[in-house]
Amino acid sequence: MSWFYPIMSTPFLSALLVPLLYKRFNSRIHTGWFILLVPLTIFCHLLSYVRMIAFRKTFNLTLPWIPSYGINLTVNIDGLSFIFGLIIAGMGFLVVLYSIYYMSRHKEALDNFYIYLLLFMGSMLGLVFVDNILVLYLFWELTSISSFLLIAFWFERQNSRAAAGKSLLITIFGGLSMLAGFLLLHIITDTYSIGAMMSQAEMIRSHSLFIPAMILILIGAFTKSAQFPFSIWLPAAMEAPTPVSAYLHSATMVKAGIYLVARFTIIFGGTSEWFWLVSGAGLITLLYGSISAVKQTDLKTLLAYSTISQLGLIMTLLGLGSAALYFDSIQEGAIYAIATFAAIFHMLNHSTFKGCLFMVVGIIDYELGTRDIKRLGGLFHLMPISFLLTLAGSLAMAGFPPFNGFLSKELFFAALLNAAQMPIFNMPYWGTILAFLAWFASVLTFVYCLTILLKTFMGRARGHKLKKKPREASMGMLISPFILAALVIGIFFYHQVFSQYLLIPAGEAVLPTLSGSMHIEVKAWHGFSTELLMTLGVIAAGILLYITMSQWLRIYNYYPMGLTLNSLYELFMEKLEGGSLAITKGFMTGSVRHYLLYILTFIILVMGAAMLLLKGISFDSSQDAVVSFYELALLLGMIATAVTVLLAGARLTAVIAVGALGFLVVFFFVLFRAPDLALTQLVVETVTTVLFLLCFYHLPQLRKESIPIGSKAVNAVVSVGVGMIMAVVALSANGLRSFAPISSYYENAYVLAGAKNIVNAILVDFRGFDTMLEILVLTLAGLGVYTLIKLRWAGGKEDEAA
Amino acid sequence: MGYLLLAPEMLLTVLGIVVLALGLILPQRGKKVTGAVAMIGTLGILVVVFWQFGYEAEFFQGVYGIDAYSHFFRVLFLSAALIIFAMAGNYLHLFSERQSEWYSLMLFATLGMIIMASSGDLITLYVGMELMTISFYILSAYLLDDGRSAEAGLKYLILGALSSAVMLFGISLIYASSGSTVFAVVYQTLQAQVVTQPVLIAGIILLIAGFAFKIALVPFHMWAPDIYQGAPTPVTAYLAVGSKAAAFAALLRILVTALPAAHYNWTMLLAILAAVTIITGNLIALAQRNVKRLLAYSSIAQAGYILVGLAASNVYGFKGVLFYAMLYVFSNIGAFAVATLVETQSGSSDFDAFSGLAKRAPMLAAIMTICMLSLAGIPPMAGFAGKFYLFSGAIQSGYLWLAFIGLIMSMVSVYYYLNVSRLMYIGKSSEQSVPVPAMARVALLVCLVGTLIIGIYPQPLSQFAEIAIQVLY
């Protein structure tokens, strides 16, 4: 038994302990200090796999869970899950450390906060390591739920609650769509294991359910990774406390979609559909995110849009890289695999610089009480360390040396240029346009990076607009962003180490067919290549646009508000409820008549269809006795009384008609020589008629309702229909002679019971037990009636006495 | 064990009568004792059932039989009744001096359900069903001063009588084509016949229609919302959980042991009914603004999901039916329990009454949310495991489209279930706290733990259901 399972379950287990720790120690020690141990342990444990990963070994473990359905907690540690695991645990550590200073232990409900955070950490780790798609789905939804809880952490705020609801709705919708895709994959491959599916990739691609499965799974990935048009939840989610934004909504959870796409590249990749869907959605998102980010004035919202655009960038790269699987020859494929490598590299870089930026914005918010850049400015002197950290973060995002973003951005351009020359997937036509669009988005990225840096820290200080007096943050709060900034620079200089141990193994896990051939040269300087010229172009155009910003920013005002994604979302929700209400009003009227109409019509239709389709209508009267005159007369009499009930104007008439109908049945029994039945029926009829009359005496006067002639016609049609269909079925059943009639059994009456009267034999011999119990029931009922009457007398006396 | 195996049924009858009698004998102040007697008695009977595990026997030539399948449903009904007794607590003050009769009727309804699940004969089944239904007619109308409660009772009576008539007609047609009402004999007779008889098919359709009413399948669902809203909330909870499970139990037993799908293709009819039910139930539930009504519509949809397992007509699907019926006890009663407590405090079950519940009663809001997530089928709550069994059964039988309709509609259901959660966590709150009596606290805790445990570790319940299903083959 490996240590892996116990260590990976520490987030869940320690979440159970949090309330105890909080209650016991909160007055003295911040709960975060205990929590800090959890990601630290996991991080150290994961590091022990570094050598193994670097040598391209993968690692499998299985723990049975629901073995009867083939659902096991199988984990698969390879390059891809490993790098994700490190980011989750590492960022987790930094975020918890940061939160110790950010979340006040006197004011906030820290127990809830850390429970949600640990829940998220555990599920996110589970998500990247499990091999079983159903367990993956389970963790997927758990991350959505914990994200919901964390966004709504300050639930007193109206915005938090709306944002939490929106994000949950969108991500759970995506998750269910992904589950549907997973089920399709299961139908194709008959397994729930991703590993086993990979070995059947060829077969999956030729299956007719391939495209639906791909689209459904992609919807799941796109909702989680905030791709256009599902991106609206991410800016709203910025209502969460900043440590949460830094952790979930930039570094980890929103990368789950990236993980999923990377993981399934081996199955879906190499087809033009996957290529275009993934890189197309990524590119649109990249553009949408950077165009929207430029006009933002709230720092966190700006960062959210920039996250959307960066996620789009990574998605584009994954799409481009999947083309490598199209080629059979390893050399050709390796050219495009640069894109995959770049995707993973940029994913890592994004986690570092965006995490750093979020934490600094959190510091600004914490110290100054605002994140609005219209109120900020000139903080350079007051918060020099924060300024330096922002400098590193934003320039890395803008793709400036000597920061890690520069390297991955260069690779991004290189991958685009490679792809533009690709002979497949219509790329000869579209390649250049793609490259230009991506370049344009990078220019905008550069612009908003300058906005973050310059509008906050340069220019005039506007102290009078602030609630608090600005000052540098405490040391503790600066540690985490400082570590991230150090990484931003460290990765730039030591990129060889990172690619050797982390990035290339991860890239090869995405594209296993290319393993061993991924020799990617990451260089800070490779002469005046096209990539470098593109970067220089970005800087020049970016500075130009930044200077002229006030001129062109007005263009945004011309965009109609009604067409923004948010208002479309609201509109859709409104229409959905409206439609539902209309359906409800339409046929849930509350009127029993309507209900009966629907039910009876349905019965008529189904029964009629069944009888017609099966050719079941048959009347076999050959064995029936001849109908006598008396029987006919009785029948006509019964029909007459039944019609009288319908047409009766007064209640009394109706009751008497019903009674008459019953008495006519008595005559039938007499005709067929069943005197005991006749007698019983006579008594029952008499009693019911009397009871009816007694009841009606207490009821209010019958109100003559005027029923519209249309309703009457419908009533008539439906009731006649029911009568007809039942009569037809009964008559058809009469023709059945599939087994011997039971009447011969009663010939035993004389032989076995020695009775000349069959009825007597039935009552006392064949069904003696029944008769006894019937007598018992009658006795009990009689007692009941007697008691009631007695009580009534007693009540009457009391009334008199009163 | 012989006739001792029938001890739970007999004890339940005796308990019902004793509770009724106690209500007559005891003075006004002492009537609370009847509730305690009913609860302790039910718990005792549940223990007896557990003790009888593994034994089986057949009585009166197959008319009634106790087997693992019966044990499963006995546990289900008795636990449901027990949880509802515990949660009802304060609500019963609305019934003033008629509490003991309420307990007694609930016990008789439970007896009816148990008989339905264990009977091997159409007539016995019918008698059990009437015992249950007649008890519910009275229970629905139990709030004498509330016009809606009376309306609920009356509507249930009128529509219920119709459905009984339809069902009896179906039974008589099945009898006409097979010569018996005992499942095993029906099976043997029909096995020997080569030709499918239209009259028999008509009988099966009418029989299913009768059950469809009890289960509230579209288009037989109309009664459900009015009655669920009008009836006292604990009764509604039992109606939604117990009555449905009983109808499913009986239907499943008949379809498997008397009318196997191989011969009479009823699966398509059930699949269509399930699809229509899931779609209609969910779409209507979207716009509801009253929690009880919302739960009523959603429980229509939930019945549709269970029916998917029946339509699948393989071991997976059937197992799913049992599994879901059991988890439904915890999740749905949990939701109803919270609704009951809120209603007792505020006198209303409209959305407004739940606004900001998280601040007034965080525990209640959390339990409601977890139960609703379970009903929506979100892991790691029990509902996900249940839906997984049901849908994978359907997929195996080739009803992929049905599984997809179920999935898509689950997405829709997330919206309205979460609407309630959002309201509880987000809405403006009044200052009144919601009192939770000790017994209700226990009931809530059982529901919560049940929902979570079944979701996280479904294996034991899954095995229990599998053992129960194996008996039928």
Considering the stretch B:435-469, residues that are touching a Phe, Trp or Tyr at 6+ places or on another chain (Cβ under 9 Å), open to solvent by 70 Å² or more (accessible area, probe 1.4 Å) and farther than 30 Å from A:Phe139 by Cβ, and then whichever is farthest from the other protein chains (Cβ to nearest Cβ), we arrive at B:Met439
Filtering the stretch B:165-203 down to residues that are of a type in the set (Gly, Ala, Ser), surrounded by fewer than 19 Cβ atoms within 10 Å (Cβ to Cβ) and more than 9 Å from chain A (Cβ to nearest Cβ) yields B:Ala165, B:Ala184, B:Ala192
- [ ] Test B:Ile138 against the criterion of being more than 12 Å from chain A (Cβ to nearest Cβ), of a type outside the set (Lys, Arg) and open to solvent by 10 Å² or more (accessible area, probe 1.4 Å), and give yes or no.
- [x] yes
Just one listed residue, out of A:Phe663, A:Phe692, A:Phe669, A:Phe696, is in contact with an Asp or Glu (Cβ under 9 Å, 6 or more places away or on another chain) and farther than 24 Å from A:Asp624 by Cα, and it is A:Phe663
* Check whether at least one residue in the stretch B:240-260 is open to solvent by less than 10 Å² (accessible area, probe 1.4 Å), touching a Leu at 6+ places or on another chain (Cβ under 6 Å) and more than 16 Å from B:Phe318 (Cβ to Cβ), and report yes or no. => no
By residue number, the members of the stretch A:234-252 that are in contact with a Ser or Thr (Cβ under 6 Å, 6 or more places away or on another chain) and at pLDDT 85 or above are A:Pro243
Listed by range, helices (runs of 4 or more DSSP H) wholly within the stretch A:144-217 having at least 3 residues that are closer than 22 Å to A:Ala256 by Cβ and modelled with pLDDT of 80 or more are A:158-189, A:194-198
B:Ser348 vs (1) within 22 Å of A:Ser146 (Cα to Cα); (2) surrounded by fewer than 19 Cβ atoms within 10 Å (Cβ to Cβ); (3) modelled with pLDDT under 85; (4) not aromatic (Phe, Trp, Tyr): all pass except (1)
Report task. Might you let me know whether the stretch A:626-634 holds any residue that is touching a residue at least 24 places away in the same chain (Cβ under 8 Å) and surrounded by 13 or more Cβ atoms within 10 Å (Cβ to Cβ)? Result -> yes
Scanning the stretch A:11-43 for residues that are under 23 Å from A:Ser81 (Cβ atoms) and open to solvent by 40 Å² or more (accessible area, probe 1.4 Å) gives A:Phe12, A:Leu13, A:Leu37, A:Leu40, A:Thr41, A:Phe43
So, first residue away from every other protein chain (no Cβ under 14 Å) and closer than 19 Å to B:Ala440 by Cβ in the stretch B:222-236, second residue at pLDDT below 90 and open to solvent by 10 Å² or more (accessible area, probe 1.4 Å), Cβ within less than 6 Å, six or more apart or across chains; the pairs are B:Pro232/B:Tyr142; B:Pro232/B:Leu143; B:Thr233/B:Glu343
Among residues of the stretch B:141-160 being without any contact (Cβ under 8 Å) to a residue 24 or more places away in the chain and within 11 Å of another protein chain (Cβ to nearest Cβ), the residue nearest to the chain's Cα centre (by Cα) is B:Leu157
Note on the stretch A:248-305: residues part of a helix (DSSP H, G or I) and of a type in the set (Ser, Thr, Tyr) are A:Ser250, A:Tyr259, A:Thr265, A:Ser272, A:Ser279, A:Thr285, A:Tyr288, A:Ser290, A:Ser292, A:Thr301, A:Tyr305
message: Given the condition open to solvent by less than 10 Å² (accessible area, probe 1.4 Å), without any contact (Cβ under 8 Å) to a residue 24 or more places away in the chain and within 21 Å of A:Leu169 (Cα to Cα), answer yes or no: does some residue in the stretch B:390-407 qualify?
response: yes
Selection over the stretch A:565-613 where residues are among the β-branched types (Val, Ile, Thr) and either surrounded by fewer than 16 Cβ atoms within 10 Å (Cβ to Cβ) or more than 7 Å from every other protein chain (Cβ to nearest Cβ) (or both) yields a count of 4
Item to complete: For B:Ala88, indicate whether it is crowded, with 22+ Cβ neighbours inside 10 Å and touching a Pro at 6+ places or on another chain (Cβ under 7 Å).
Response: yes
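Conditions (1) more than 14 Å from every other protein chain (Cβ to nearest Cβ); (2) within 29 Å of the chain's Cα centre (by Cα); (3) β-branched (Val, Ile, Thr), marked per residue:
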{"position": "A:Pro39", "(1), (2), (3)": "yes, yes, no"}
{"position": "A:Phe59", "(1), (2), (3)": "yes, no, no"}
{"position": "A:Pro67", "(1), (2), (3)": "no, yes, no"}
{"position": "A:Gly70", "(1), (2), (3)": "no, yes, no"}
{"position": "A:Leu94", "(1), (2), (3)": "yes, no, no"}
{"position": "A:Ser104", "(1), (2), (3)": "yes, no, no"}
{"position": "A:Leu125", "(1), (2), (3)": "yes, yes, no"}
When (1) modelled with pLDDT under 85; (2) over 20 Å from B:Val235 (Cβ atoms) are applied to B:Tyr399, the one that fails is (1)
Restricting attention to the stretch A:44-74, the residues that are open to solvent by 40 Å² or more (accessible area, probe 1.4 Å), under 30 Å from B:Ser462 (Cα atoms) and hydroxyl-bearing (Ser, Thr, Tyr) number exactly 2
Scanning the stretch B:276-305 residue by residue, the ones that are open to solvent by 10 Å² or more (accessible area, probe 1.4 Å) and away from chain A (no Cβ under 11 Å) total 1
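The values are calculated or read from the model by the stated rules, or taken from the named source; none is laboratory data. If you're wondering where the values come from, they're calculated on a predicted model, not measured in any experiment. Counting neighbours? That spans all protein chains shown, and the Cβs are built from the backbone with ideal geometry, glycine included. Areas reflect the complete protein model, heavy atoms only, side chains present, ligands, DNA and RNA absent. Shrake-Rupley method; radii C 1.70, N 1.55, O 1.52, S 1.80 Å.
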